[in-house]
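Read through the structure below, which is laid out as structure tokens, and then see the notes.
Every read-out reported here was derived from the displayed coordinates using simple, explicitly stated rules and does not represent laboratory data. Keep in mind that this is a model prediction, so the values were computed, not measured. For neighbour counting, all protein chains shown are included, and Cβ atoms are generated from backbone atoms with ideal geometry for every residue, glycine included.
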Amino acid sequence: MSSLDEALRAELDRIRMAGLHRSLNPIDSPQGPIVNFNGKPLLNFSSNDYLGLANHPALKEGAIEAIQRCGAGTGASRLVCGSSGIHHQLEEALADFKRSPAALTFSSGYSTALGTICALLTKRDVILLDKLVHASIVDAARLSGATIRVFPHNNLEAFERLLQWADSRNSRPASNPRPRTLAVVESVYSMDGDRAPLPRMVELKDKYGAWLMVDEAHATGVLGPGGRGLGDETGVSDRIDIQMGTLGKALGAAGGFICGTSRLIEYLVNRARSFIFSTAPVPAAAGAALAAVQLVQSAEGSRRRESLWARVRQAASGLGHKEPASAILPMIIGDESAAVQISRRLRDEGFLIPAIRFPTVARGQARLRLTLTAAHDAGMVDRVVSALSGKH
Ligand SMILES: *Cc1c(COP(=O)(O)O)cnc(C)c1O
């Protein structure tokens, strides 16, 4: 055995021993409430395709049209010769959707967070993170070199103390140019399904002169009028400096985006390395996303949001969750191996509900993460509620 192979075998053994080993399972069907998982049809409660758009005819049509008009590949990065008409159309549609002056798309949500945060901060700056932000934001904060401070999840007092600390640190006379403070939160937290107190956070960041970036990955298409997100629902979207979203969840395609001022977008085009040094997303992804942005704002989009929320309320009441805040209903198990066992038993019974473990969530906080979509019907939700009863 080579020394690399030997080192990897030992590391994989440790991962297995800790109940944290993972592997890929081929899905041999389009996304939907029933997927063909390893050759077996399962009722799918694990997807972020909240509005059931990933296999929607309008998105497939959008992708096909984009391929016919712009081709299969893009040939280069956006700044070289890969900036297809479809990317510009999508960005205009996103800016319009979010009622924002401008938008920029990236090839994934992960690269959106990485490129944006690293473009805005240097090692002289401070970044404040909610304890539960997504790995892409944590990685971006580390890569930026800024001083990282983490506050307990949704804790406004701790958030204010950190803003105060950063403000006093940054106002020292020797600090020239003045360092910056960027706070990054999600609007809906991906593994807990709860919401950030955005209006208070906006007031606080304004009070201390910090910038605020809000990742609406799990709220875009799902919350607020027209599905514009929690910022819009709570009336503070125009006070959020950097609005982020993804195209791969409720929007049913793939990619990520930033909405903000034209100057912010112009700056990111010049400075966001994950945007600059990466081949432009394929036209098919942009075409599908464009169709989705139009669909979520239509009457059909509203109907789909209503169905989604009806399913969410049904599942939450069946499982004894009070007041669901999003389409994500976590069931905390704690022990990693126990969570995996329950998930496996559910799979044998015909349900796909993943066990979420470290490092996605903290150690000892393993959980089943149930997600509802507009494509589920009431009977499917009844079945999963009875399957889950008594399992946690
Ligand atoms: C999924 C997710 C991302 C990453 O988006 P991708 O498009 O999947 O790379 C970023 N932030 C949050 C909160 C997410 O849930």
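General observations
- For segment 113-232, the antiparallel share of DSSP beta bridges with both residues in that region comes to about 5%.
- Max mean-square fluctuation residue, GNM over the chain, Cα-Cα springs under 10 Å, options 326, 144, 298: 298
- Dipole of the chain computed with +1 at Lys/Arg Cβ and -1 at Asp/Glu Cβ about the Cα centre; of 144, 331, 56, farthest Cα towards the positive end is 144.
- Charge tally in the Cβ shell below 12 Å around residue 321, where Lys, Arg are +1 and Asp, Glu are -1, residue 321 excluded: -1
- Derived scalar couplings ³J(HN,Hα) [segment 70-79; Karplus, 6.51 cos²θ - 1.76 cosθ + 1.60; whole Hz; x for Gly, Pro]: 10, x, 7, x, 10, x, 5, 5, 4, 6
- Each part reduced to its alpha carbon centroid, segment 202-216 and segment 347-392 end up 34 Å apart.
- Mean residue ellipticity, 222 nm, helices only, the chain: the sum of -39500 (n - 2.57) across DSSP H runs of n ≥ 4, divided by residue count and rounded to 500, is -13000 deg cm²/dmol.
- Cα-based convex hull, segment 142-196, per residue volume (Å³, whole number): 89
- The chain - share of DSSP beta bridges that are antiparallel (%, nearest 5): 55
- Projecting the Cα atoms of 100, 72, 267 onto the dipole axis of the chain, where Lys and Arg carry +1 and Asp and Glu carry -1 at the beta carbon, places 267 farthest toward the positive end.
- Cross-link pairs 249/322; 60/98; 40/98; 123/322 - those with Cα-Cα distance over 32 Å: 40/98; 123/322
- For the chain, the percent of C-alpha pairs falling in each 10 Å distance bin, counted from 0 to the bin holding the largest distance, reads 5, 21, 30, 27, 14, 2, 0.
- When the convex hull of its Cα atoms is viewed from all sides, segment 62-178 shows a mean projected area of 10.0 nm².
- Of interest is the spacing of the C-alpha centroids, which for segment 98-126 and segment 51-82 amounts to 22 Å.
- Residues considered: 76, 339, 146. Largest GNM mean-square fluctuation over the chain, using C-alpha springs under 10 Å, is found at 76.
- Spatially proximal lysines relative to residue 131 (Cα-Cα < 18 Å; intrachain offsets below 8 disregarded): 205
- Once the mean of 1/r is taken over each pair of separate Cα atoms and inverted, segment 32-130 shows a Kirkwood hydrodynamic radius of 17.1 Å.
- Choice from 52, 255, 318 showing the highest fluctuation, given a GNM over the chain with Cα pairs closer than 10 Å: 318
- P(r) histogram, all alpha-carbon pairs of segment 235-378 included - 10 Å bins from 0, percent: 10, 25, 32, 25, 8, 0
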